[in-house]
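Visitor: What follows is a single structure, and I will ask about it in a moment.
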Amino acid sequence: MKQNNMKYMVSAGLLAGFFMFSGCQSGYSLASVEGGRLEVTSALDAHPDAAAMAILAPYQKTVDSIMSPVIGHSVRFMDRFRPESELSNLVADVLRLSTSDYIGCAADVAVTNMGGLRTSLPEGNITYGNIYEITPFENTLCIVTMNGALLRELFENIAAVHGEGLSGARLVITKAGKLANATVGGKEIDDNKQYTVATLDYLAEGNDHMTAFAKVPDSEKVQPEGASIRQLFLNYVSEMEKAGKKVDSKIEGRITVQK
């Protein structure tokens, strides 16, 4: 009885507060909202706060020991931008090739979002820290099976946002964000064929404007355990280093805009 009385008292108080504030007229209204992306890099360390640095000092050595080791090397500086970039091509390739460990072959297509790549990859040494900075989110690999008609719709989603990370396909889009042409593995899309698409679990839910993914039944989506995008990227760089190769990626015309 006491818990019930408390619930009613709280509810009554909330209602009273709601009507009190809703009845107030401030005379102000929201005119606009502006936002942007702040890239967290060493540039922000130019004028460190002494008190904050003193607090962090005991942990710095441990963090550096984890993030500083060099795990590979890159041929060039790789940035991310639409409609196509070196870094987005690289990460999409890593996703597509990584499916071999789970389904026995590389996926037909891979899609990743530009927004999930938070900074660029430097030329030269690649450290654990570089990979963590590029892929800070806990996204995991999701392998989606969809028919050609739905795959074309996915490409229309990509055209509408003027490009995303893509592997295994080539798109021609218009300046207005419409899909003009699409091929997979150099061939026209077969509406009735089943295609495998490697992507992030976040995108597989239909987020970030990739609404075609949301139309695929959950039974056609496979999320391998422990296959985080970050770990797949780390594995790829490490394997390239063991093979004596440098990481490389170029802009290849995977997504082109009609003139």
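The values are calculated or read from the model by the stated rules, or taken from the named source; none is laboratory data. In this text, all values refer to a predicted model and were calculated from it rather than measured experimentally. Counting neighbours? That spans all protein chains shown, and the Cβs are built from the backbone with ideal geometry, glycine included.
Visitor: Considering only residues of the stretch 225-252 that are in contact (Cβ under 8 Å) with a residue 24 or more places away in the chain and over 20 Å from the mean Cα position of the chain (by Cα), which is farthest from E133 (Cα to Cα)?
Guide: Top of the filtered list is E252.
Visitor: Kindly indicate the residue of the stretch 103-125 that is β-branched (V, I, T) and touching a strand residue (DSSP E or B) at 6+ places or on another chain (Cβ under 8 Å) and also farthest from A212 (Cα to Cα) among those meeting that condition. Before the answer, list the steps.
Guide: Taking the stretch 103-125 and keeping what is β-branched (V, I, T), we get 103, 109, 111-112, 119.
In the following step, the residues that additionally are touching a strand residue (DSSP E or B) at 6+ places or on another chain (Cβ under 8 Å) were identified as 103, 109, 111-112.
Numbers: I103: 22, V109: 14, V111: 12, T112: 14 Å.
Step by step, filter the stretch 103-125, then rank; the result is I103.
Visitor: Now a separate question. Specify which of the listed residues (A106, A110) is in contact with a Lys or Arg (Cβ under 8 Å, 6 or more places away or on another chain), in a strand (DSSP E or B) and either more than 20 Å from I71 (Cβ to Cβ) or among the aromatic types (F, W, Y) (or both). Full working, then the answer.
Guide: Working: A106 fails: in a strand (DSSP E or B).
Checking each option against the conditions leaves just A110.
Visitor: Same structure, new question: So which residues in the stretch 39-52 are among the aliphatic types (A, V, I, L, M), more than 25 Å from the chain's Cα centre (by Cα) and modelled with pLDDT under 85, if there are any at all?
Guide: Of the residues in the stretch 39-52, the ones among the aliphatic types (A, V, I, L, M) are 40, 43-44, 46, 50-52.
Checking which are more than 25 Å from the chain's Cα centre (by Cα) leaves us with 46, 50-52.
Scanning the stretch 39-52 gives a single hit, A46.
Visitor: Moving on to the next point. Looking only at the stretch 243-259, filter to residues that are surrounded by fewer than 17 Cβ atoms within 10 Å (Cβ to Cβ) and charged (D, E, K, R); which one of those is modelled with the lowest pLDDT?
Guide: Top of the filtered list is K259.
Visitor: If you don't mind, another one. Read through the list (1) without any contact (Cβ under 8 Å) to a residue 24 or more places away in the chain; (2) under 30 Å from K61 (Cα atoms), then give the number of the only condition that E133 fails.
Guide: Tallying (1) without any contact (Cβ under 8 Å) to a residue 24 or more places away in the chain; (2) under 30 Å from K61 (Cα atoms), E133 fails exactly one: (1).
Visitor: (1) touching a residue at least 40 places away in the same chain (Cβ under 8 Å); (2) out of contact with any Asp or Glu (no Cβ under 8 Å at 6 or more places or on another chain); (3) crowded, with 21+ Cβ neighbours inside 10 Å; (4) of a type in the set (A, V, I, L, M, F, W, C): which one isn't true of F155, the others all being true?
Guide: Of the numbered conditions (1) touching a residue at least 40 places away in the same chain (Cβ under 8 Å); (2) out of contact with any Asp or Glu (no Cβ under 8 Å at 6 or more places or on another chain); (3) crowded, with 21+ Cβ neighbours inside 10 Å; (4) of a type in the set (A, V, I, L, M, F, W, C), the odd one out for F155 is (1).
Visitor: For Y195, only one of the following conditions fails: (1) within 24 Å of P136 (Cα to Cα); (2) surrounded by fewer than 23 Cβ atoms within 10 Å (Cβ to Cβ); (3) among the aromatic types (F, W, Y). What is its number?
Guide: (1)
Visitor: Filter the stretch 227-258 for residues that are in contact with a Gly (Cβ under 7 Å, 6 or more places away or on another chain) and not acidic (D, E) and give the result. Explain how you work it out, then say what you get.
Guide: First, pick out the residues of the stretch 227-258 that are in contact with a Gly (Cβ under 7 Å, 6 or more places away or on another chain): 237-238, 240-241, 247, 255.
Within the stretch 227-258, V237, S238, M240, V247, I255 qualify.
Visitor: Another question, if that's okay. Identify, please: which residue in the stretch 57-72 is free of Cβ contacts under 8 Å to residues at least 60 places away in the same chain and surrounded by 11 or more Cβ atoms within 10 Å (Cβ to Cβ) and is, among those, farthest from I126 (Cα to Cα)? Walk me through it before giving the result.
Guide: Quick first cut of the stretch 57-72, residues free of Cβ contacts under 8 Å to residues at least 60 places away in the same chain only: 57-65, 69-70.
If we keep only those that are surrounded by 11 or more Cβ atoms within 10 Å (Cβ to Cβ) as well, we get 63-64, 69-70.
Details: V63: 16, D64: 14, P69: 8, V70: 6 Å.
So the residue we want is V63.
Visitor: Also, I was wondering about something else. Is the stretch 223-238 home to any residue that is more than 21 Å from V94 (Cβ to Cβ) and surrounded by 15 or more Cβ atoms within 10 Å (Cβ to Cβ)? It would help to see each step written out before you state the result.
Guide: Let us first name the residues in the stretch 223-238 that are more than 21 Å from V94 (Cβ to Cβ), namely none.
No, the stretch 223-238 contains no residue that is more than 21 Å from V94 (Cβ to Cβ) and surrounded by 15 or more Cβ atoms within 10 Å (Cβ to Cβ).
Visitor: Among the listed residues K221, K259, identify the single one that is more than 19 Å from V144 (Cβ to Cβ) and either in contact (Cβ under 8 Å) with a residue 24 or more places away in the chain or not aliphatic (A, V, I, L, M) (or both). Talk me through it step by step, then tell me what you get.
Guide: Details: K221 fails: more than 19 Å from V144 (Cβ to Cβ).
K259 is the lone residue from the list that is more than 19 Å from V144 (Cβ to Cβ) and either in contact (Cβ under 8 Å) with a residue 24 or more places away in the chain or not aliphatic (A, V, I, L, M) (or both).
Visitor: Moving to a separate point now. Which ones in the stretch 207-221 are within 12 Å of V197 (Cα to Cα) and either exposed (fewer than 15 other Cβ atoms within 10 Å of the Cβ) or out of contact with any helix residue (DSSP H, G or I) (no Cβ under 6 Å at 6 or more places or on another chain) (or both)?
Guide: Correct list: V216, E220.
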